[in-house]
Amino acid sequence: MMIVNGNADSEAGVMPPVEVMEAMTKYNEELVKAGILLSAEGLHPTSKGFKVAYDGPSKRTLVDGPFSEAKEVIAGFWIIETKTRAEAIEWAKRVPFQEGELEVRQVFSEEEFAEVAPEVAAREAEMRRQIEKR
């Protein structure tokens, strides 16, 4: 998962210039052509979001956005599936950013979950099949 960090502009709801959006669309098309793009989305600013704080088994507190630390919010993401870490690194380096930072994290596989809790992994796999049917 390639995570795009938010900044003052994204938190203010400022859309990128058309040239930037065109470059991103071209990049997304390259990911699709390579057959590795699973998902890609931009996110609204935290002022349109909320958090739920959990304290114990039943206490829930709702916190409406905006959130105070804009440097720690996510503005968007790509989920790609590559054969190697090196391939993921190469694609991450090609993101058409002029400035900022991109965080890349590996998503757990079904197999990794199955090693820990096979019965839970089987239920998760069934849910994924149901989602894919939609």
Unique residue being under 17 Å from the mean Cα position of the chain (by Cα) and at pLDDT 95 or above when the list is Glu81, Glu101: Glu81
Scope the stretch 1-27; condition within 30 Å of Phe108 (Cβ to Cβ) and touching a residue at least 40 places away in the same chain (Cβ under 8 Å); matching residues: Met1, Met2, Ile3, Val4, Asn5, Gly6, Asn7, Ser10, Glu11, Met24, Tyr27
Residue among Leu102, Leu31 that is touching a helix residue (DSSP H, G or I) at 6+ places or on another chain (Cβ under 9 Å), under 15 Å from Ile3 (Cα atoms) and in contact (Cβ under 8 Å) with a residue 60 or more places away in the chain: Leu102
Strands (runs of 3 or more DSSP E) within the stretch 1-60 that include 2 or more residues exposed (fewer than 12 other Cβ atoms within 10 Å of the Cβ): 37-42, 50-55
From Ser10, Ser47, Ser109, Ser58, residue being under 26 Å from Glu124 (Cα atoms), of a type in the set (Gly, Ala, Ser) and under 19 Å from the mean Cα position of the chain (by Cα): Ser109
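The values are calculated or read from the model by the stated rules, or taken from the named source; none is laboratory data. These figures come from a predicted structure and were not determined experimentally. Don't worry about glycine lacking a Cβ; one is built from the backbone with ideal geometry, like all the others, and counts go over all protein chains shown.
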